[in-house]
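Worksheet for the structure shown next.
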């Protein structure tokens, strides 16, 4: 019926044809990629020293290996909280060093890339910037590990071509992160978490693939189920939002877990990982 | 930001407010709903006695409790194979009785509902007919167990309102089946399997929820991973396509598993079910 | 970049390769297709003799050549008004004869096709039934003129293959109707009217193409602008909803025009038609 | 049915409630906004002095008031032509001065904003950067006229909130440009030109609204019909791609018009503008 043939794939360095072994790398003793699954937790935004330390200790105690926390926040409205900026980065550096936990934080401006690389272990390029080419080039040139989120209407080819920018300009340690696509229906969830992308990406590319069920659903109640599903689909990592008091979070409270919810999810994820023969 | 409030839900009989306990029912000794997970396998189309018996024996040996097989086939093109019709139903009845396996088959025309109910245990209403109201009313009036597939661009409310037609007109034994929504990208998969719908539906409704990763991906290579993900997300059943020789299937060969692939998937699904405390 | 090649088109009878001249036909002296543009107005549902006569007289006085009116209504909820059924058909027949105006009404059940053909000049197959194959086959076999609406997530190929069912089974007088696809955003409109489909369809097929800006927007305020746009894009007809008192309409009041709004739109459409060299 | 109520709109400065008269401004004697319609033509990329001068003279002779031309090109692949950069800006400045034609060109990096404002009359923020907040802030602070393209899956609220960033940070002369959203179907067009957005935006905001049918269709054959439709829907401007030899264009050749095609379109657009009482 659909008389369509894809003659060749548009990406090169990101493809399994180019690099036949999985990309695996280690940060602060934490292995990313390969048979290992890695869980990332932390607040949407770094709000204060107390908040980030409390959250970091909690998620680390539950088994998270990576701490997320936003310093520069992309906000749909100019009137929403825009993040602590450099102060947020300094707090991430302090907590990362104190607890020896890997840190990841978003960078939005190419001019900030070199600054952010000094403070955090992994750069994050957000969904809205997936095709921000000056940013991809700056991140690529930094050589710093980078987590790239899929844009809300990005095709798989567009996603892998964005990764290709990073690889082409000098960063080999790239993590892909599925975080949901524009939904058919926004009544009950914020996005549609496209878990098909997990086995598709694992087939096409050697790069590790994470899943973010917090943005992928937008509702705390559904995060844990979709984290399990992401792992079962073959993801190499899960990334969620955790806040000591989600109701008072300055951003994304509606999709954040409490430390107790995160701990319960971790126990479930360990069982699922074991069931499918993955390390967690 | 999104200043939107849902004042009330448009469905009644399908809601957890209306019926606080899960809908659970038994067919030929097979329990559907509750803590039990049920796997459905079988060919897209019933093609011959030999094909349906061979497939039924294989999937039953691997642990499937329900046999699927199309007799009336909705085909995008008028020039494609349209199914064996009544002969297909007779073969399903024969194999269902001989092997004591539950059978499910699609009905497309309201005028065929009473005929199909005589031959198969569960009526299927396909994605393209999710809002075919004369068909929903006829199926509802039959009181026969019915598996309702989600339409390719149906919202959750539209899906549950289609189920409401069945419930309102007299069928209590309704199974909902997520089978993928219209995709952002058709380069690598046929649909986007929307697994968010699983925890959302489990929250909103008391009806059992199945997942069809064969239509949800359209590619055999990805079916097993997405079946595991569906189960991990909380599905009460998985529905896939199995054909003794997918390359020669008269329909949907590209997404059908061989009996060996199905058997391997079943072993994985048992481990995932155990990990999340479900019976399989 | 997109290394995709369409080798052949899946439809035959609907294609310009098969039939090189435009399909043009005449009903009650009204020409459909060719250089002529035709406007269709009328209520979503036939509600009473008074309502349908009043509306028919008004739209005819303003220049409409076709009267629409639903007797069998596809409703998302089983609790919504389902139409007057056969009584509605009888009223349409009466008003169509009395005013010598062409009538169109939706049929949902294959079993109703022969009945509906006795009462109205044009069968309508609604968006939700675009891939209801028993219905397409029954309509096709009737040979009756049929207006086929595009499904909310139907691709152009799927739309033309649905028309192919009608053509293949015996109906040559087929009108295609774009009525909007599933939207990115439902905050301000009910659907996204995909006017790209107008020049695309005019290029691919010989069949006349109508546009329905009432369903395409869902909001009366925007109907007139999108009717003009549809005509300017090359549509052969426009189909809108008109009700003497939209606020009291039993269905689709939010997208219905008053007779005065319809009249004003007609005057604008005449100017646009003249500007692009079409008859109206 | 859909029990959803929007309590308040999230944007302020962009709303008609805030500013009750249309935003109208003049550049090089060309009025943008109000009753005037303005046509923009030019190549996707500035390729050489000869190419840009030849194109500029042609489109100006046909009635275009604004010349477009890319110097910094956002390209999906890192291996595609990335634009001439500053040399392209210099050529735009030269041709804009020589022919006294308004110029518009895309800026992608916040660090380039001040440079680009020196060379061109209107900054363009492309669809992929619609939510690139550092870029919006830099453009807003420049106070330079800015044309903002709608992102491929941006809702109307997200689009107006991106404009709100520009307005909030200091730019009053903002043009919104609809250029198509992610399509249901990429078989025949590259995007779905969402013309519903035109009357919706004209209702919600005081800002001028342009339509880009070149990106909105991706196919030269359909550009002219959709330009007419955009104007008929109420657009204040149309933006298309023109190249002396589209087959040899370094980017977007498949959607570029020849100067002769552009001239023919202009004649049609003048008639449509006249039909709806707009100046062109």
Suppose only helical runs count, i.e. DSSP H with n ≥ 4. What mean residue ellipticity at 222 nm does that imply for chain D under -39500 (n - 2.57) per run, divided by all residues and rounded to the nearest 500 deg cm²/dmol?
-11000 deg cm²/dmol
For label points placed 7 Å from Cα toward Cβ, what is the shortest-first list of nm distances from residue A:94 to its copies?
5.5, 7.9, 8.3
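When a footprinting reagent is the concern and you count Cβ atoms within 10 Å, what order do D:248, A:178, A:90 take, fewest first?
Fewest to most other Cβ atoms nearby, the residues stand as D:248, A:90, A:178.
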With R₀ set to 25 angstrom, the calculated FRET efficiency between the beta-carbons of residue B:81 and residue B:245, to the nearest 0.05, is 0.95
Where both residues lie in the protein assembly as shown, what percent of DSSP beta bridges are antiparallel, nearest 5?
20
Label the protein assembly as shown by shape, choosing from rounded, prolate and oblate, from the square roots a ≥ b ≥ c of the eigenvalues of the Cα gyration tensor; if a/c is under 1.5 it is rounded, and otherwise prolate applies when a/b is larger than b/c, oblate when it is not.
oblate
Of the beta bridges DSSP finds with both residues in the stretch B:104-192, what % are antiparallel, to the nearest 5?
10
With an 8 Å Cα cut-off and a minimum separation of 6 or more residues, compute the relative contact order for the stretch C:71-113 in percent.
38
How high is the relative contact order of chain B, given as a whole-number percent (alpha carbon pairs under 8 Å, six or more residues apart)?
20
Identity and axial distance of the chain A residue whose Cβ lies nearest the axis relating A to D, Å:
A:153, 2
Compute the distance from the alpha-carbon center of the stretch C:8-76 to that of the stretch B:64-80, in whole Å.
34
Looks like chain C, by Cα gyration tensor root eigenvalues a ≥ b ≥ c and the a/c under 1.5 rounded cutoff (else prolate when a/b is bigger than b/c, oblate otherwise), is rounded
Out of all DSSP beta bridges in chain C, what portion is antiparallel? Express it as a percent rounded to 5.
15
Please report the projected area of the stretch A:1-131's Cα convex hull averaged over all directions, in nm².
11.9
Mean separation of Cα contacts under 8 Å (at least 6 apart) over the residue count of the stretch C:1-129, i.e. the relative contact order in percent, is 19
What shape does the stretch B:68-140 have by the C-alpha gyration tensor, where a ≥ b ≥ c are the square roots of the eigenvalues, rounded means a/c under 1.5, and otherwise prolate means a/b greater than b/c and oblate the rest?
oblate
Considering every residue in B:153-160, what mean count of other chain Cβ atoms within 10 Å of its Cβ is obtained?
6
Assume the label is 7 Å from Cα along Cα to beta carbon: what separations in nm does residue D:50 have to the matching positions in the other copies?
7.0, 7.1, 7.7
Just to confirm the numbers: residue C:277, label point 7 angstrom along the Cα-Cβ line, distances to the other copies in nm, shortest first?
2.8, 6.8, 7.3
For the stretch C:215-268 and the stretch B:111-186, what is the centre-to-centre distance using only Cα atoms, to the nearest Å?
33
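Each reported figure results from applying straightforward, stated rules to the coordinates on display, with no laboratory input. Computed from a prediction, not measured in an experiment: that's the story for all the values here. Quick reminder, even Gly has a Cβ in these numbers, built from the backbone with ideal geometry, and neighbours come from all protein chains shown.
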